[in-house]
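Structure provided below as structure tokens; questions to follow.
The values are calculated or read from the model by the stated rules, or taken from the named source; none is laboratory data. Source: prediction; values computed, not measured. Cβ sites come from the backbone with ideal geometry, for glycine too, and all protein chains shown count toward neighbours. In case anyone asks, the SASA skips ligands and DNA or RNA and just uses the protein heavy atoms, side chains included. Shrake-Rupley method; radii C 1.70, N 1.55, O 1.52, S 1.80 Å.
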Amino acid sequence: MRHSRWRVPSVVGVALLAWAAAQAGGAQEAGGAADGAEWPMYRGDTAGTGYSPLAQVTTGNAASLTQAWSYSLLAAGAADPEARGPRSQATPIVVDGVMYVPAADRVVALDPATGRELWQHPVAGAAPSRRGVAYWPGGDGSPARILFTSGERLHAVEAADGAPAAGFGDNGVIGLGVPYNSVPLILGNVVIVGANTPRGAIGGIGNARAYDARTGASLWEFSSVAQPGAVGHDTWEGDSWRGRLGANAWPFYFTVDAERGLLYLPLASPIPGAYGGDRPGANLFGNSLVAVDIESGEYRWHFQTIRHDLWDADPPAPPVLFDIDRDGRSIPALGVTTKSGYLYILDRETGEPVFGVDERPVPASDVPGEAAYPTQPFPVKPPPMGRVAYEAADLVTAADTSAEHAAACAALVESLGEIHSEGPFTPWVYRPAGGPARTTLNFPGGVGGPNWGGVAFDPNADLLFVVTQNVGALGWMVDAAADALLPYEKVTPRPQSFDVAVGDGPRLPCQKPPWGELIAVHAATGDIAWRQPLGVTDQLPAGMRNTGRPARAAGIVTAGGVLFVAATDDNRFRAFEAATGRPLWETTLPQHGNANPLTYLGADGRQYVAVVATDTLLAYALP
């Protein structure tokens, strides 16, 4: 890892950042708005803590939560009900007593205490991002705005009535060139967007970019593939950096240390991913967390979580920011998860690991022309966030789940031939033409481990909360067609995960449970406070259902000591005692709650907890 010192920003920059921090709701430790009445951004605050200081709902009364209202996110007037669903992953925001959220064909403002629609802004062409919107409080004579993306466009509308924002681009819209399907970050007058890399597009498209919230003017762009003369360029041998796809900033949201002016960019894997023979070296800034100056986009430091990635196991969410008290001093820290199953806790000023990192040897590749990186960085603490290895004894048995499930998994294993699973970072095995069946089984699989939901932080208990899943990925490498760009390509069975269909319910993984977990980590020590399965498998026999379930979203935590999480594919919304993991409350959602929740105070004085379930937004409160 390389890093450089953060430079002191200009006087203007200091003033801007101080103003922005106040607008966003204050210190890193506090969460969203100072009194907790609002949820002004995707994870509640610029630090991404998912924390609220509200304490009306407590461990003693959470069991009494009931549904208060719901709002449909379906497209208005769609002729085909099956085709109009947004499959939303959105977390609404609540600012100045108004809730804002994207629906299938519009962005809407709602009364957060009743769900009554206040205004709607129809979006033609590409649908609005199904992940959320951002709020700009206004300035320089311009009123407050809501910003959101739709494909390759960035929109700004008036927060008061949803009308296109005057003075922003062309009638409230600017072209991004490269699509970003998630939530912009706004600090002061700076708007940050990432990039979703479409297959077959021209290179250099993974870059994070900044725009002016007032006019839409471009401010800066950070090259996620290290360019000539830049730090990390020497990690691309020859011209392998040139025109390189991937390494893109695709997260659902971003986080920023407003006090220090540091924006944190989680960057994805280079493309193509499974074969890297055309890109020898560590390949920066692929699979890295990069800190940049939010005013200028200038590089400050980086930490690479995987060298020369072959697994598409990037850091899918930006880091959560928090402070660690040690030996009488406070360490400004962050925690970033990866789909490879690890949580790295770093000094957020320098990128140095707080608890240490071991550079360990990992398995070599047998694919001709591929040189898998010989070592990878493993955090000394905390331990892995989920399963990172597999042995034959880990295959599920009838005693673990059911005879039908065990038989289906045994048949799957038989079909795969020789299974290669040599622990973390096992490369995809090579199957030459006419050769025997050989399959790599990797844990975690392509969706993690932890995924895009992020990590929640409770400053009162000093705990980090991670939602993770344990679903293996299957694959192997073969000779590519003669006219292919690369000599080898990855092949996967259908389905490509280490799971099977049993009955009418969701697919069942083939290793012993747990298949999904909720984990609490002591931030100050890196030790596990508690961990337990998250989710149930309803189609299994009674007594076997507490298996945990796959989940990609995450939870939030409150000063009432309550941790809320939906996420799992069993369609449940749950509350836990944050200190212990003790279940407090559970309700069944109409569909998958594949989204992060939020909490806020309504005008009626009640604390609400809300979550999106595929195409319906639901809010809960005490009676």
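Which ones in the range 279-312 are within 15 Å of the chain's Cα centre (by Cα) and open to solvent by 10 Å² or more (accessible area, probe 1.4 Å)?
Within the range 279-312, just D312 meets the criteria.
While we're here: Tell me yes or no: at least one residue of the range 225-235 is within 22 Å of the chain's Cα centre (by Cα) and farther than 30 Å from W119 by Cα.
Scanning the range 225-235 turns up at least one residue that is within 22 Å of the chain's Cα centre (by Cα) and farther than 30 Å from W119 by Cα.
Next question. Specify the residue that is farthest from G50 (Cα to Cα); the eligible residues are those in the range 96-107 that are crowded, with 22+ Cβ neighbours inside 10 Å and not small (G, A, S).
Here the answer is V107.
In the range 510-548, which residues are in contact (Cβ under 8 Å) with a residue 60 or more places away in the chain and of a type in the set (K, R)?
The one that is in contact (Cβ under 8 Å) with a residue 60 or more places away in the chain and of a type in the set (K, R): K512.
Still on this model: Look at the range 118-148 and say how many of its residues are under 24 Å from G44 (Cβ atoms), of a type in the set (D, E, K, R) and either open to solvent by 10 Å² or more (accessible area, probe 1.4 Å) or in contact with a helix residue (DSSP H, G or I) (Cβ under 9 Å, 6 or more places away or on another chain) (or both).
Count: 2.
Given the structure, is G206 under 23 Å from P272 (Cα atoms) and either in contact with a Leu (Cβ under 9 Å, 6 or more places away or on another chain) or among the hydrophobic types (A, V, I, L, M, F, W, C) (or both)?
yes
Still on this structure: If S421 satisfies all but one of (1) surrounded by fewer than 18 Cβ atoms within 10 Å (Cβ to Cβ); (2) small (G, A, S); (3) without any contact (Cβ under 8 Å) to a residue 60 or more places away in the chain, what's the number of the condition it fails?
Only one criterion is unmet by S421, namely (1).
Sticking with this structure for a sec: Here is a list of conditions, (1) in contact with a His (Cβ under 6 Å, 6 or more places away or on another chain); (2) open to solvent by 30 Å² or more (accessible area, probe 1.4 Å), and G276 meets all of them except one; can you say which number that is?
The single condition G276 does not satisfy is (2).
Same structure, new question: Can you run down the residue pairs with Cβ atoms below 7 Å, 6 or more apart or on separate chains, where the first is in the range 350-374 and within 16 Å of T426 (Cα to Cα) and of a type in the set (S, T, Y) and the partner is assigned to a loop (DSSP other than H, G, I, E, B) and open to solvent by less than 50 Å² (accessible area, probe 1.4 Å)?
Hits for this filter: S365/A372; S365/P427; Y373/A282; Y373/R307; Y373/H308.
Mind listing whichever residues of the range 226-256 are among the β-branched types (V, I, T) and open to solvent by less than 10 Å² (accessible area, probe 1.4 Å)?
Answer for the range 226-256, where residues must be among the β-branched types (V, I, T) and open to solvent by less than 10 Å² (accessible area, probe 1.4 Å): T255, V256.
Test each condition in (1) under 30 Å from A333 (Cβ atoms); (2) out of contact with any Gly (no Cβ under 7 Å at 6 or more places or on another chain); (3) buried (at least 17 other Cβ atoms within 10 Å of the Cβ) for P382 and report the one that comes out false.
(2)
Output the residues belonging to the range 153-172 that are without any contact (Cβ under 8 Å) to a residue 60 or more places away in the chain, hydrophobic (A, V, I, L, M, F, W, C) and part of a loop (DSSP other than H, G, I, E, B).
A160, A163, A165, A166, F168
How many residues are in a loop (DSSP other than H, G, I, E, B) and acidic (D, E) when one looks only at the range 224-251?
Going through the range 224-251 one residue at a time, the tally reaches 2.
Follow-up question, since we're still on this one. Given the condition on the phi > 0 side of the Ramachandran plot, open to solvent by 10 Å² or more (accessible area, probe 1.4 Å) and among the β-branched types (V, I, T), answer yes or no: does some residue in the range 583-596 qualify?
Taking every residue of the range 583-596 in turn, none turns out to be on the phi > 0 side of the Ramachandran plot, open to solvent by 10 Å² or more (accessible area, probe 1.4 Å) and among the β-branched types (V, I, T).
Continuing with this model, one more query. Could you please find all residues in the range 479-538 being charged (D, E, K, R) and either closer than 30 Å to G435 by Cα or modelled with pLDDT under 95 (or both)?
Answer for the range 479-538, where residues must be charged (D, E, K, R) and either closer than 30 Å to G435 by Cα or modelled with pLDDT under 95 (or both): D479, D483, E489, K490, R494, D499, D504.
Considering only strands (runs of 3 or more DSSP E) fully contained in the range 252-328, which possess at least 1 residues that are closer than 30 Å to S88 by Cβ and in contact with a strand residue (DSSP E or B) (Cβ under 6 Å, 6 or more places away or on another chain)?
Hits in the range 252-328: 255-257, 262-266, 288-293, 320-326.
Take the residues of the range 335-368 that are out of contact with any Phe, Trp or Tyr (no Cβ under 7 Å at 6 or more places or on another chain), surrounded by 15 or more Cβ atoms within 10 Å (Cβ to Cβ) and among the aliphatic types (A, V, I, L, M): which is nearest to R387 (Cα to Cα)?
L343
Determine whether the range 101-108 contains at least one residue that is under 22 Å from A317 (Cα atoms) and within 21 Å of the chain's Cα centre (by Cα).
yes
Right, next: Please determine, by comparing only the residues of the range 498-521 that are under 21 Å from the mean Cα position of the chain (by Cα) and not in a loop (DSSP other than H, G, I, E, B), which one is farthest from H592 (Cα to Cα).
My answer is V521.
While we're here: Identify, please: which residue in the range 531-541 is touching a Lys or Arg at 6+ places or on another chain (Cβ under 9 Å) and within 21 Å of G448 (Cβ to Cβ) and is, among those, most open to solvent (accessible area, probe 1.4 Å)?
Step by step, filter the range 531-541, then rank; the result is P533.
Next up: In the range 348-440, which strands (runs of 3 or more DSSP E) lie fully inside it and hold 3 or more residues that are within 32 Å of the chain's Cα centre (by Cα)?
Passing ranges, in order: 357-361, 375-379.
Something else: All but one of (1) of a type outside the set (F, W, Y); (2) modelled with pLDDT of 95 or more; (3) open to solvent by 30 Å² or more (accessible area, probe 1.4 Å) hold for E152; state the number of the condition that does not hold.
Only one criterion is unmet by E152, namely (2).
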